[in-house]
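One structure below.
The values are calculated or read from the model by the stated rules, or taken from the named source; none is laboratory data. All of these numbers come straight from a predicted model, not from anything done at the bench. Cβ placement follows ideal geometry from the backbone for every residue including glycine, while neighbour counts extend to all protein chains displayed.
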Amino acid sequence: MSEGFAVDGVFCISLSDRHDRRDILRASLFQHFPDAEFLIVQRDQGDPQRGCFNSHQQCARMLVERDWQRALILEDDVMFYEIEPAHVRNINRYLTHYDPPIFYLGLILGRLWPTWSRGVVGCRALGTHAYILNRNAASFVMAQPYRGQGIDTMLKRCLPGRAAYPMLCQQQPDGLGKSDIDGERDGSVAKCDEFWRRNKKRQRIEWRKNLWRLLIPAVWK
């Protein structure tokens with residue numbers, strides 16, 4: 001387990017030429033996850049979004065081949081907030097009891113709604129900078145062909161999502177290291193410091209707005 005999370009291992013995806021990101025991340029990554037493995041991949045010059053998709057599939061394949069129950073998958077632009085031990089315990093209780101297909105530690109909102117599990121929300125949002133994937137979901141991800149959409153979009157559409165509340169991380173602001181694929185995607189926006197402040201604030205707004213969903217049994221867990 002890493003940082004107390006109920007996972008069998010941690011993968012961190014990084015492009016071979018993004019030394020800048022690894023330098024920024026390295027200290028905090030190994031502080032939180034001393035057993036993390038860097039998955040160094042080559043840039044897909046023809047389609048960076050396809051390259052990102054394939055690298056996440058590779059992590060899913062490694063999870064299955066190692067016969068793990070679940071793994072934490074990170075991208076090298078992740079930035080963690082302070083992680084409270086009580087929050088981790090609540091998350092682990094949920095992971096081990098319900099074993100969700102995918103559990104996000106951070107998100108770009110999206111929809112979000114409360115559950116009856118402390119520290120856990122339901123979500124329909126984007127975010128592959130830090131998520132936990134279970135073995136069944138990993139087998140599903142391995143089998144999906146690339147259809148010109150990002151890995152985050154595919155996961156959002158195909159897997160019912162749960163997430164940490166409040167979220168535990170964000171991506172590096174563009175000023176520190178711009179995304180390699182955002183320029184290739186329609187509708188992408190600049191992810192500056194202000195973007196992430198608004199995103200963090202919005203989770204509380206979404207939580208309060210959707211309290212009524214606790215009356216629906218399907219979202220209790």
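Can you confirm whether segment 64-82 contains a residue that is hydrophobic (A, V, I, L, M, F, W, C), in contact with a Gly (Cβ under 6 Å, 6 or more places away or on another chain) and assigned to a helix (DSSP H, G or I)? No.
Have a look at GLY46, GLY127 and point out the one that is under 20 Å from LEU15 (Cβ atoms), without any contact (Cβ under 8 Å) to a residue 12 or more places away in the chain and among the small types (Gly, Ala, Ser).
Numbers: GLY127 fails: without any contact (Cβ under 8 Å) to a residue 12 or more places away in the chain.
Only one candidate qualifies: GLY46.
Take the conditions among the hydrophobic types (A, V, I, L, M, F, W, C) and either in a strand (DSSP E or B) or touching a Ser or Thr at 6+ places or on another chain (Cβ under 6 Å) (or both) and apply them to LEU29. Does it pass? No; evaluated as a whole, the condition is false for this residue.
Yes or no, residue by residue, for (1) among the hydroxyl-bearing types (Ser, Thr, Tyr); (2) in contact (Cβ under 8 Å) with a residue 60 or more places away in the chain; (3) closer than 25 Å to ARG162 by Cα:
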site	(1), (2), (3)
ASP20	no, yes, no
LEU29	no, no, yes
VAL41	no, no, no
LEU72	no, yes, yes
ALA86	no, no, yes
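Looking at segment 207-216, is at least one residue under 17 Å from the mean Cα position of the chain (by Cα) and at pLDDT 90 or above? No, every residue in segment 207-216 fails to be under 17 Å from the mean Cα position of the chain (by Cα) and at pLDDT 90 or above. When segment 111-156 is filtered for residues that are more than 19 Å from ILE91 (Cα to Cα), among the small types (Gly, Ala, Ser) and surrounded by fewer than 20 Cβ atoms within 10 Å (Cβ to Cβ), the ones remaining, listed by number, are SER139, ALA143, GLY148. Filter segment 28-83 down to the residues that are buried (at least 16 other Cβ atoms within 10 Å of the Cβ) and of a type in the set (Ser, Thr, Tyr) and list them by number. Residue satisfying the conditions is SER55 alone. Scanning segment 77-92 for residues that are more than 21 Å from LEU29 (Cβ to Cβ) and touching a strand residue (DSSP E or B) at 6+ places or on another chain (Cβ under 9 Å) returns a single hit, ASN90.
Just for segment 1-26: of the residues that are assigned to a loop (DSSP other than H, G, I, E, B) and of a type in the set (Asp, Glu), which one is surrounded by the most Cβ atoms within 10 Å (Cβ to Cβ)? Step through it out loud before you land on a result.
Restricting attention to segment 1-26, the residues satisfying the condition of being assigned to a loop (DSSP other than H, G, I, E, B) are 1, 3-4, 6-9, 16-18.
Subset that is of a type in the set (Asp, Glu): 3, 8, 17.
Working: GLU3: 18, ASP8: 16, ASP17: 11.
Across segment 1-26, the extreme among qualifying residues is GLU3.
Which residue out of GLN58, GLN69, GLN45 is more than 21 Å from CYS158 (Cβ to Cβ) and over 15 Å from the mean Cα position of the chain (by Cα)? Reasoning before the result, please.
On the way: GLN58 fails: more than 21 Å from CYS158 (Cβ to Cβ); GLN69 fails: more than 21 Å from CYS158 (Cβ to Cβ).
GLN45 is the lone residue from the list that is more than 21 Å from CYS158 (Cβ to Cβ) and over 15 Å from the mean Cα position of the chain (by Cα).
Please go through segment 32-61 and give me each residue that is assigned to a helix (DSSP H, G or I) and either in contact with a His (Cβ under 6 Å, 6 or more places away or on another chain) or more than 19 Å from ILE132 (Cβ to Cβ) (or both), ordered by number. Listed by number, the residues that qualify are PRO48, GLN49, ARG50, GLY51, ASN54. Among the residues that make up segment 164-176, is at least one of them surrounded by fewer than 12 Cβ atoms within 10 Å (Cβ to Cβ) and either modelled with pLDDT under 90 or out of contact with any strand residue (DSSP E or B) (no Cβ under 8 Å at 6 or more places or on another chain) (or both)? Yes: one or more hits.
Working only within segment 52-66, note down all residues that are in contact (Cβ under 8 Å) with a residue 60 or more places away in the chain and farther than 19 Å from LEU29 by Cα. Across segment 52-66, the qualifying residues are CYS52, PHE53, ASN54, GLN57, ALA60, ARG61, LEU63, VAL64.
Residue by residue, here is whether (1) at positive phi; (2) of a type in the set (S, T, N, Q); (3) modelled with pLDDT of 95 or more; (4) in contact with a Cys (Cβ under 7 Å, 6 or more places away or on another chain) holds:
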{"residue": "ASP20", "(1), (2), (3), (4)": "no, no, no, no"}
{"residue": "PRO34", "(1), (2), (3), (4)": "no, no, no, no"}
{"residue": "GLY46", "(1), (2), (3), (4)": "no, no, yes, no"}
{"residue": "SER55", "(1), (2), (3), (4)": "no, yes, yes, no"}
